[in-house]
Amino acid sequence: MVDLAVSLNAVRMRIGGVVAPACIALLTPGITGAHVLSASSAAVPSCGWTGEPWVLALMITSLVAYSTGYWRLRKRGSAHARSARLRAIHLAAFAGGWLGLALALFTPLDPLATALFSAHMVQHESMMLIAAPLLVIGRPLGVWIWALPKRARLRLGWLVRTRAFSRFWRALSLPLVAWLLHAMALWAWHAPALFQAALLHQWVHSLQHASFLLTALLFWWTVAGDGARRQTDGHAMLSLFTTMVHTGALGALITLAPGLWYPLYVEPCSALGVDPLHDQQLGGLIMWVPAATAYLVGGLAIAARWLTRRNVPMLTTRHAVIVPRDGTR
C-alpha cells in the first residue's frame with residue numbers, strides 16, 4: 001500500500017508538472033474554437049453543443065491543475081476557520097468563472113453568435129462580466145503554480161521576482177493602463193470593419209475573443225484581484241464608473257444607429273426570420289443596459305467597502321472607553 005501511495009503521488013506530480021503550464025492558456029480561451037462565417041457555410045449554422053477537442057482538453061486540464069494546487073494548498077495551509085473559508089470562496093469563484101467560460105464557448109450560444117448579433121453580444125459580455133471577474137477572484141495563477149513540482153515553482157518564483165519582469169508587470173497592471181487596454185479592445189473590435197473581419201476569418205475571431213478576455217482579466221485584477229488594495233479603491237471606483245459610461249455610450253450608438261453596422265448578419269438573420277436591424281438594436285441594448293448596470297453595481301460595491309473602511313477608525317474613536325489617570329473607569 002505504501003508503494004502504491006508513493007507511485008500515485010509521483011504520477012500526480014508528473015501530471016501537475018505537465019498540465020499546469022498549459023493551464024495558463026485558459027486566459028486565451030479556446031477562443032480558437034469560435035465559429036466564423038464563410039461562403040460555404042449554411043445561412044443558419046447548426047446550433048448544437050460545439051467546441052474543438054483540444055480546447056475542451058485545455059479547459060479540463062485547467063480544472064485538474066486548479067484542483068491539484070488547491071488540494072496542496074489546503075494540506076499546507078492553516079486550519080484557521082477564516083483561512084478555510086477564504087479558500088472555499090476562491091474555489092467557488094473559480095468554478096463559477098470556469099463554468100461561465102465553458103457555457104460561452106461550448107454551448108449552442110457559440111454557433112448562434114454567427115447568426116445573431118445579439119447572441120454574439122451575450123457571448124462577449126458573459127466572458128467579460130461573468131467569467132473574467134470570477135476567475136480573477138478565484139486567484140487561479142496562485143493556485144496553478146502549486147500544481148507544479150517544487151523545483152519548477154522555485155524557478156518560476158525566481159523569474160517573477162526579476163527586476164525586468166517586476167517593472168513590466170507593474171506598468172501593465174496600473175489601473176489606468178488596464179482601463180485603457182480594456183476600453184481600446186471594446187471600441188476597436190466593435191468597429192464595423194474589424195467586427196466583420198472577425199466573422200469571416202477564424203484567426204481574427206480568435207484574436208478578438210483573446211483581446212476581450214485578457215483585457216477584461218487585467219481590468220478586473222486591478223478592481224477585485226491581487227492588484228486591488230485598500231488605497232486603490234478610489235481608482236477601482238473610477239475605473240468601473242467610467243467603463244459603465246463608455247460601454248453604455250457604445251451600446252447606445254449601436255442601438256440608435258439608423259442603419260446596419262454589420263451587414264454580414266443580414267442573410268443569417270433573414271433565414272431565422274429576424275429583422276437584422278432589430279437584432280442589432282437588441283445587441284446594442286444588451287451592452288447599453290445590462291452590461292453597464294454590471295459595472296455600476298461593481299462600482300457601488302467598491303464604494304460601500306471604501307466608505308466602511310474609512311468609517312472604522314472614526315467609530316472606534318467615538319466609542320472608545322476613556323480611562324482616567326488613576327486607572328478607574
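What follows is calculated from the coordinates using simple rules that are stated; it is not laboratory data. Since the structure is predicted, the reported quantities are computational estimates derived from the model, not experimental observations. Heads up, the Cβs are rebuilt from the backbone with ideal geometry, glycines too, and the neighbour counts pull from every protein chain shown.
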Apply the Karplus curve 6.51 cos²θ - 1.76 cosθ + 1.60, θ = phi - 60°, to the phi angles in the range 136-146 and return the couplings in whole Hz, x for Gly and Pro.
5, 5, x, 6, x, 5, x, 8, 4, 4, 7
Residues with beta-carbon under 13 Å from that of ALA119, excluding ALA119: net charge, scoring Lys, Arg +1 and Asp, Glu -1?
-3
Cα centroids of the range 125-203 and the range 84-116: how far apart, whole angstrom?
17
Take peptides 195-205, 117-127, 166-176, 58-68 and line them up by average Cβ neighbours within 10 Å, highest first, as a rough protection proxy.
117-127, 58-68, 195-205, 166-176
Using θ = phi - 60° and the Karplus curve 6.51 cos²θ - 1.76 cosθ + 1.60, what whole-Hz ³J(HN,Hα) does each residue of the range 86-92 get, with Gly and Pro shown as x?
5, 4, 5, 5, 4, 4, 5
